[in-house]
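Peer 1: Attaching a single structure in structure tokens format; questions to follow.
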Amino acid sequence: MSSVTVTEAPTGSELLLSTSPHLHSRWTTKQVMWFVVLALVPCVISAVVYFGFYQLLVIATAVVFAVGTEALIQSLMKKPVTVVDGSAVITGLLLGLIVPPNFSLVFTALGAVFSIAIGKMVFGGLGYNIFNPALAGRAFLQAAFPVAITTWTIPHFAVDAVSKATPLAALKFDRVMTDITPLVVGNVGGSLGETSAVAVLLGGIFLLVTGVANWRIPAAMTVGVLIFGGALWMIDPAAPNPVFHIFAGGFLFAAMFMATDMVTSPVTGKGMWIYGFGISLILVLIRIYGGLPEGVMYSILFMNAFVPLINRYTAPRIFGEGQS
Amino acid sequence: MKKQVSLAREYTKGLWEQSPVFKQVLGMCPTLAVTVSAMNGIAMALATTFVLVFSSFIISLIRKLIPSQVRIASYIVIIATFVTIVDLVMRAQFPELSKALGPYIPLIVVNCVILGRAEAFAAKNSPLRSLLDALGMGTGFLIALASLGGIREIIGSRTLLGMQVLPDAFEPWLIMILPAGAFLTLGLMMGFLNSMVERRKRRDEAAVLAQHMRKPAVAIMEGQEG
């Protein structure tokens, strides 16, 4: 969020003294977090519709273990237990939605524990983590169990179940393009919550309208993919067109829910554009030239590492301060 | 004149208090790179210890003959001699181990633990003390590498020293035998050990305070935390 700091609302008679700038938000941390949970409901529904009720169990496992780990670590470290703020619930939900269908519950639990313990609590908890915790958990699972995490299931209502793979894997390994329509509807192979563009956009637009997610990041990522993907497509027509890039794989899901994570994205407007363009450039490069079919996870994690640097270079000049 | 520490202390300080890996954080390259199994870790640590002990001893013997301007170069020549011996012996006697450790055996030359002990200790102390110090540091290195390699081997490939210790039902975590696993394991081990030290220190302080204040130590510890 560019011009908004999220703080607990003052209770009644408290007098708050702080230095400028006096930024404030309509929402408290708690409200913001539960808005995100609400925004993820359409994705959970699409996961159940396309991949069956077992997926609820996967998502629930991720949430329970994420919340449990946070509570356990906070109580062990004798810090106030703040699981009610919902941030661990979101991490669990997000992780549950970016694993493949029918994923092992044991692995899901491990991923959730890793997300919270290593991705978040090691750095000091909410607000201090450098990397998006859910993506850190997903990256751990990718490195630990490479076979299990790339085993895809054919969704219900699939148009033609020729291939079990995801549209991006089909493109990379078999040179088969998938039409845009199934990508929008969501009856294609992929991680639980990412297949249906409609469900993702439903939740995403809700976040953008409430201002919980800043519009600049998804906008920069989309424009970036159109520019970089488009340029490569112009040079080599065999490369996928940029519209395919936007609807295939986890791009939309990541643009709406992952890249917009307040803790791990830049705070200035200009910084958000740089961040979004950076993600889309790396994403397009990985998808077209990399060994992996999908690169959205690594591209966001990579840009997460640059966020402190981006913040420093795009910090607004203080009035009266000389040219730096 | 500084106070002389006992000879036994010269050995034991390297085991934990000044552990080259966990406390001085030296020699990270072999520590992270070769500890995919307990055996590799042990072999690496033994090779390093051999070089460390002999080079420390020799450097200490000739410490008054080396002009200080060229001391680093002299140390390197001495260290390199012993590294060459280790490398050739391992290639002849343990070809498989030598292949597994790859370039990391020749790279012992630039291991900071060895040069660090030469510069910080052997160059200023008697040959006997240098020998004990090197043995202690070597043992500390061995403890660290063997435990790191052991943990990574158990979780990453279900075995310990080549024998299966976890059931087939346990899916090995491939990440543990990748470089990322080394960083994760080492970081978690260091954090855990440091927190134990911290806790013990706090308990000792509380005990001292308790003697003065005639209060139970537990009450003071809780008061400190609050």
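The values are calculated or read from the model by the stated rules, or taken from the named source; none is laboratory data. Computed from a predicted model, the values in this text were never measured in an experiment. Don't worry about glycine lacking a Cβ; one is built from the backbone with ideal geometry, like all the others, and counts go over all protein chains shown.
Peer 1: Here are the criteria: (1) in contact with a Ser or Thr (Cβ under 6 Å, 6 or more places away or on another chain); (2) crowded, with 20+ Cβ neighbours inside 10 Å. Tell me which single one A:G269 does not satisfy.
Peer 2: The failed condition is (2).
Peer 1: Then there's this: Taking region A:76-89, which residues are surrounded by fewer than 24 Cβ atoms within 10 Å (Cβ to Cβ) and under 14 Å from A:F65 (Cα atoms)?
Peer 2: A:V83, A:G86, A:V89
Peer 1: Right, next: When the residues of region A:145-159 are filtered to those that are surrounded by fewer than 19 Cβ atoms within 10 Å (Cβ to Cβ) and in a helix (DSSP H, G or I), which remaining residue is farthest from the other protein chains (Cβ to nearest Cβ)?
Peer 2: This residue is A:T150.
This table checks each residue for (1) surrounded by fewer than 16 Cβ atoms within 10 Å (Cβ to Cβ); (2) without any contact (Cβ under 8 Å) to a residue 60 or more places away in the chain; (3) touching a Gly at 6+ places or on another chain (Cβ under 6 Å).
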position: B:S56; (1), (2), (3): no, no, no
position: B:R63; (1), (2), (3): no, no, no
position: B:I66; (1), (2), (3): no, yes, no
position: B:Q69; (1), (2), (3): yes, yes, no
position: B:T84; (1), (2), (3): yes, yes, no
position: B:P95; (1), (2), (3): yes, yes, no
position: B:V113; (1), (2), (3): no, no, yes
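Peer 1: If you don't mind, another one. Of all residues in region A:93-126, which are more than 23 Å from A:S299 (Cβ to Cβ) and small (G, A, S)?
Peer 2: Within region A:93-126, A:S104, A:A109, A:A117, A:G124, A:G125 qualify.
Peer 1: Among the candidates B:I66, B:I72, B:I76, B:I85, single out the residue that is over 25 Å from B:V34 (Cβ atoms), assigned to a helix (DSSP H, G or I) and at pLDDT 90 or above.
Peer 2: Answer to the selection: B:I72.
Peer 1: Counting only residues that are in contact (Cβ under 8 Å) with a residue 24 or more places away in the chain and surrounded by 15 or more Cβ atoms within 10 Å (Cβ to Cβ), which one in region B:167-181 is farthest from the other protein chains (Cβ to nearest Cβ)?
Peer 2: Step by step, filter region B:167-181, then rank; the result is B:I177.
Peer 1: Within the bounds of region A:273-281, is there any residue that is over 19 Å from A:M297 (Cβ atoms) and modelled with pLDDT of 90 or more?
Peer 2: Yes, because at least one residue in region A:273-281 is over 19 Å from A:M297 (Cβ atoms) and modelled with pLDDT of 90 or more.
Peer 1: Oh, and also: Could you grab me the full set of residues in region A:101-128 that are within 23 Å of A:S46 (Cβ to Cβ), more than 12 Å from every other protein chain (Cβ to nearest Cβ), surrounded by 21 or more Cβ atoms within 10 Å (Cβ to Cβ) and not β-branched (V, I, T)?
Peer 2: Across region A:101-128, the qualifying residues are A:P101, A:F103, A:A112, A:S115.
Peer 1: Mind listing whichever residues of region A:131-144 are within 14 Å of another protein chain (Cβ to nearest Cβ) and in contact (Cβ under 8 Å) with a residue 24 or more places away in the chain?
Peer 2: Correct list: A:F131, A:A136, A:G137, A:R138, A:A139, A:F140, A:L141, A:Q142, A:A144.
Peer 1: Looking for something out of contact with any Gly (no Cβ under 7 Å at 6 or more places or on another chain) and among the β-branched types (V, I, T) - is there at least one such residue anywhere in region B:166-183?
Peer 2: No, because not a single residue in region B:166-183 is out of contact with any Gly (no Cβ under 7 Å at 6 or more places or on another chain) and among the β-branched types (V, I, T).
Peer 1: If B:A169 passes every condition in (1) in a helix (DSSP H, G or I); (2) in the same structural domain as B:A43 (by TED's automatic domain parsing); (3) among the aliphatic types (A, V, I, L, M) but one, which one does it miss?
Peer 2: (1)
Peer 1: Sticking with this one: Please work out which one of (1) at pLDDT below 90; (2) surrounded by fewer than 22 Cβ atoms within 10 Å (Cβ to Cβ); (3) under 15 Å from the mean Cα position of the chain (by Cα); (4) assigned to a helix (DSSP H, G or I) is the condition B:L26 fails and give its number.
Peer 2: The single condition B:L26 does not satisfy is (4).
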